[in-house]
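For reference, the structure is listed below as structure tokens.
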Amino acid sequence: MNFFTELREGLMISWSAIRANKLRSVLTTLGIIIGIVTVTLMGTAIAGLNNSFLTSISSIGADVLYVDRASWIIQSTKEWIESQKRPVISLETADTLERQMSLAQAIVPVAQNDEPVKYKKRSSSDVNIIGTTEQFQLTSGFNVAQGRFLSAAECAGGRPVCVIGSEIATNLFQRDPALGEKILVANQAFEVVGVLDKQGGFGDNGGADNEVIVPLPQFNNAFLDQPDYEIQVKVKQLDQLDDAREELRNLLRKIRHLAPGQPDNFTINEQDQFLEIFHKVAGTIGAVGLFITGLSLFVGGIGIMNIMFVSVAERTREIGVRKAIGAKRRTILLQFLIEAACICLIGGIIALGIAWVATLALQKIMPAQMSPMIVAVSLFVSLLTGVLSGFFPAWRAARMNPVDALRNE
Amino acid sequence: MSLIRLKEISRRYQMGAETVHALRGVSLEIQRGEYVAIMGPSGSGKSTLMNLVGCLDTPTGGTYELNGSQVSEMNENQLAEIRNREIGFVFQTFNLLPRSDALRNVELPLVYAGISSHERRQIAQDALRSVGLADRVHHKPNELSGGQRQRVAVARALVNKPSILLADEPTGNLDSKTGTEIMALFQQLADKGNTIILVTHEEEVALHAARIIRIRDGLIASDEPVMK
């Protein structure tokens, strides 16, 4: 008998066995369903988190270096205290860099402050106010949905105008047109000249959608005269990033008169740092999460093994008859393996259905995403659980002595 | 040449510390087309002999030649093939698969022989017709009477055209009327030239055969033809 016919026979026999013990099959399948649902949901949550983070981080350009007083990722209190003692980054530094740096395409000073924003009766507190130049559009990569970005003339002095994030636009204007209207930022009036595209990403705060961008001179006048700047440096070519970072670092050390051997009193931040730490954190969350949810799948697998042992014991006589009629060990082994695999696969398919609905619900509170990859992996894992947990019972069945099996009552 | 040739067959079982000698050197030949009854009280070793002849078990001593091949030296897979090809079993308790209909039960040996589904359906239907159950092919065992069930079992035993039909107390679970019917069926099969080995402890049943072999204490006590 060839493998294909054995497989088909095995499927037929398993199906009738599963149907013959409906309640038992349902209960056993339930264990697998729960296991696969938890594992799949964990997978979708991790995938969603990953995706959402990558969307968020894409607003930090890969070809942009960010000069800050402190590192974005502070790993100890000591490091934080040390960075707080560093001198603030001044506008003059940005001007000097502008004149001297050769590998930069744009050098953009950025100042930030949180202020309440108001339009008529509607208001929004804790909005991120950014004071910068027209070149900020280059480093940020923001696209304007309506109107235009700040002009060079406006940034050199000029009128109090602003570009607002999509969330601010929705909050303050709802469906009304925002262009040309005046909003109050900490009681200073700014005319809206542009609305940004929705940027996405997670978090209600700090996202680019909750920003108001104003010309730097206006920012200095209205909010902070001597803020702690961040200087954003967009390099000419991505493959020169390392050289540009080196040039930038040397220039900064020169500007700050640092002697050789003295540590840097500034930090050059970039996208990679976030990616690195994110991969570390996401990897740990993923591993721990999958391990814990995997435990429930393991319990489901033990359930399958248990029920397969019962099934084999119950059908000892049938096994004897089949052997007497000419079934080989392999045939019997395959028959029970297929039965276990079928139970698990059915469980897996039902579980995916449940997980799909649950993912839709989950998306309301957190990013979650069910990819074809997760579906494939879940089905494979459920099949594997069936084969692994069915193996010992099937092996026991296959090795039965036909004489003893036939004698069994 | 004999279909079955047993030479000095012995079979020991280890029961804890004790060794049980179920067979103590049995030599026996059965020719093609013979109708033989094996008789003996319980514990005499007749079941062990039947299991060995049916290739369900292997002897601890002696040789067994079935249809020209040495069975006593075969491994499990080879034994499974021999059982499939050479032996048709009929059991006291029928041993049909409860969830499968008559046709499917009869098809089973053909499935293990690797015959295509279309062909085996045809063969199985013919086999059921030959035992008088052409109108019961899609009945499950629990929808059939005891006699009908045993007929399905006989059809299953014959479907692969085996060398031996091996029946273990085939009337043990039947009332005397259906028992008689089954014995008449066996007689028909014997008349058609099938080799039948009947294991029983009922004198009346054994008398249907042409030759009676009596086993006692693991040895052949007598082996004589039946006077009719």
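The values are calculated or read from the model by the stated rules, or taken from the named source; none is laboratory data. Note that the structure is predicted; figures quoted are calculated from it, not measured. Neighbour counts run over all protein chains shown; Cβ positions are idealised from the backbone, glycine included.
Pairing residues of the range A:322-336 that are farther than 14 Å from B:L96 by Cα with residues that are among the aromatic types (F, W, Y) and part of a helix (DSSP H, G or I), at Cβ distances under 6 Å and at least 6 apart in sequence or on separate chains, gives A:G326/B:Y112; A:A327/B:Y112.
To keep it simple, each residue is scored yes or no on (1) out of contact with any Phe, Trp or Tyr (no Cβ under 9 Å at 6 or more places or on another chain); (2) in contact (Cβ under 8 Å) with a residue 40 or more places away in the chain.
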{"site": "A:F223", "(1), (2)": "yes, yes"}
{"site": "A:K234", "(1), (2)": "yes, yes"}
{"site": "A:Q240", "(1), (2)": "yes, yes"}
{"site": "A:Q262", "(1), (2)": "yes, no"}
{"site": "A:T267", "(1), (2)": "no, yes"}
{"site": "A:F278", "(1), (2)": "no, yes"}
{"site": "A:L290", "(1), (2)": "yes, yes"}
{"site": "A:T293", "(1), (2)": "yes, yes"}
{"site": "A:V299", "(1), (2)": "yes, yes"}
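The condition (being surrounded by 14 or more Cβ atoms within 10 Å (Cβ to Cβ), touching a helix residue (DSSP H, G or I) at 6+ places or on another chain (Cβ under 9 Å) and within 14 Å of chain B (Cβ to nearest Cβ)) is satisfied by just one residue among A:N50, A:N21: A:N21.
Taken together, the criteria place B:I220 among residues that are within 30 Å of B:G61 (Cα to Cα) and in contact (Cβ under 8 Å) with a residue 12 or more places away in the chain. Taking the conditions (1) among the charged types (D, E, K, R); (2) over 23 Å from A:R69 (Cα atoms); (3) over 29 Å from the mean Cα position of the chain (by Cα); (4) at pLDDT below 90 in turn, A:E191 satisfies each one other than (4).
Exactly one residue among B:G45, B:G61, B:G16 is in contact with an Asp or Glu (Cβ under 9 Å, 6 or more places away or on another chain), among the small types (G, A, S) and farther than 26 Å from B:E202 by Cβ, and that residue is B:G61.
Only one entry of A:I89, A:I81, A:I74, A:I60 meets the criterion of being away from every other protein chain (no Cβ under 14 Å), free of Cβ contacts under 8 Å to residues at least 24 places away in the same chain and part of a loop (DSSP other than H, G, I, E, B), and that entry is A:I74.
Scanning the range B:178-200 for residues that are under 15 Å from the mean Cα position of the chain (by Cα) and not in a strand (DSSP E or B) gives B:I182, B:M183, B:L185, B:F186, B:Q187, B:L189, B:A190, B:N194.
Every condition in (1) outside any loop (DSSP other than H, G, I, E, B); (2) in contact with a strand residue (DSSP E or B) (Cβ under 7 Å, 6 or more places away or on another chain) holds for B:P170 except the one numbered (1). Does A:I350 meet the test of being part of a helix (DSSP H, G or I), farther than 30 Å from A:R407 by Cβ, of a type outside the set (D, E, K, R) and out of contact with any Lys or Arg (no Cβ under 7 Å at 6 or more places or on another chain)? Yes, satisfied. Please work out if A:S25 is in a helix (DSSP H, G or I), among the polar types (S, T, N, Q), out of contact with any Cys (no Cβ under 6 Å at 6 or more places or on another chain) and modelled with pLDDT under 85. Judged against the criteria, A:S25 is not a match. On the stretch given as the range B:43-58, residues that are within 13 Å of chain A (Cβ to nearest Cβ) and over 14 Å from the mean Cα position of the chain (by Cα) total 1. Residue by residue through the range A:248-287, note down the ones that are among the basic types (K, R) and surrounded by fewer than 13 Cβ atoms within 10 Å (Cβ to Cβ). Residues satisfying the conditions are A:K254, A:K280. When the range A:213-227 is filtered for residues that are buried (at least 16 other Cβ atoms within 10 Å of the Cβ) and assigned to a loop (DSSP other than H, G, I, E, B), the ones remaining, listed by number, are A:F223, A:P227. Take residues that are surrounded by 14 or more Cβ atoms within 10 Å (Cβ to Cβ) and not aliphatic (A, V, I, L, M) and tell me which of the strands (runs of 3 or more DSSP E) falling wholly in the range A:104-190 contain 3 or more. By residue number, A:104-119, A:122-132.
A quick yes/no check of all residues on (1) in contact with a Cys (Cβ under 6 Å, 6 or more places away or on another chain); (2) among the polar types (S, T, N, Q); (3) assigned by TED's automatic domain parsing to the domain that holds A:M101; (4) within 30 Å of A:A394 (Cα to Cα):
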| position | (1), (2), (3), (4) |
| --- | --- |
| A:M12 | no, no, no, yes |
| A:S16 | no, yes, no, yes |
| A:I34 | no, no, no, yes |
| A:V37 | no, no, no, yes |
| A:N50 | no, yes, no, no |
| A:A70 | no, no, yes, no |
| A:Q75 | no, yes, yes, no |
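Check A:N401 against each of (1) within 11 Å of another protein chain (Cβ to nearest Cβ); (2) within 20 Å of B:P98 (Cβ to Cβ); (3) polar (S, T, N, Q) and name the one condition it does not meet. Exception for A:N401: condition (2).
In the set (1) buried (at least 21 other Cβ atoms within 10 Å of the Cβ); (2) within 27 Å of B:G193 (Cβ to Cβ), the condition left unmet by B:P59 is number (2).
Applying the condition of being assigned to a loop (DSSP other than H, G, I, E, B) and surrounded by fewer than 19 Cβ atoms within 10 Å (Cβ to Cβ) to the range B:88-136 and asking which residue is farthest from the other protein chains (Cβ to nearest Cβ) yields B:G132.
The single condition among (1) in contact with a helix residue (DSSP H, G or I) (Cβ under 6 Å, 6 or more places away or on another chain); (2) within 27 Å of A:I36 (Cα to Cα); (3) small (G, A, S) that A:A361 does not meet is (1).
The sole residue among A:I255, A:I304, A:I350 that is β-branched (V, I, T) and in the same structural domain as A:S140 (by TED's automatic domain parsing) is A:I255. For B:L79, which of the numbered conditions (1) surrounded by fewer than 23 Cβ atoms within 10 Å (Cβ to Cβ); (2) part of a loop (DSSP other than H, G, I, E, B) fails to hold? Every condition holds for B:L79 apart from (2). May I ask you to verify whether A:A341 is at pLDDT below 95 and either more than 7 Å from chain B (Cβ to nearest Cβ) or surrounded by fewer than 23 Cβ atoms within 10 Å (Cβ to Cβ) (or both)? So A:A341 passes the test. Output the residue which, of all residues in the range A:293-337 that are outside any helix (DSSP H, G or I) and over 28 Å from A:A351 (Cβ atoms), is nearest to the other protein chains (Cβ to nearest Cβ). It comes out as A:G326.
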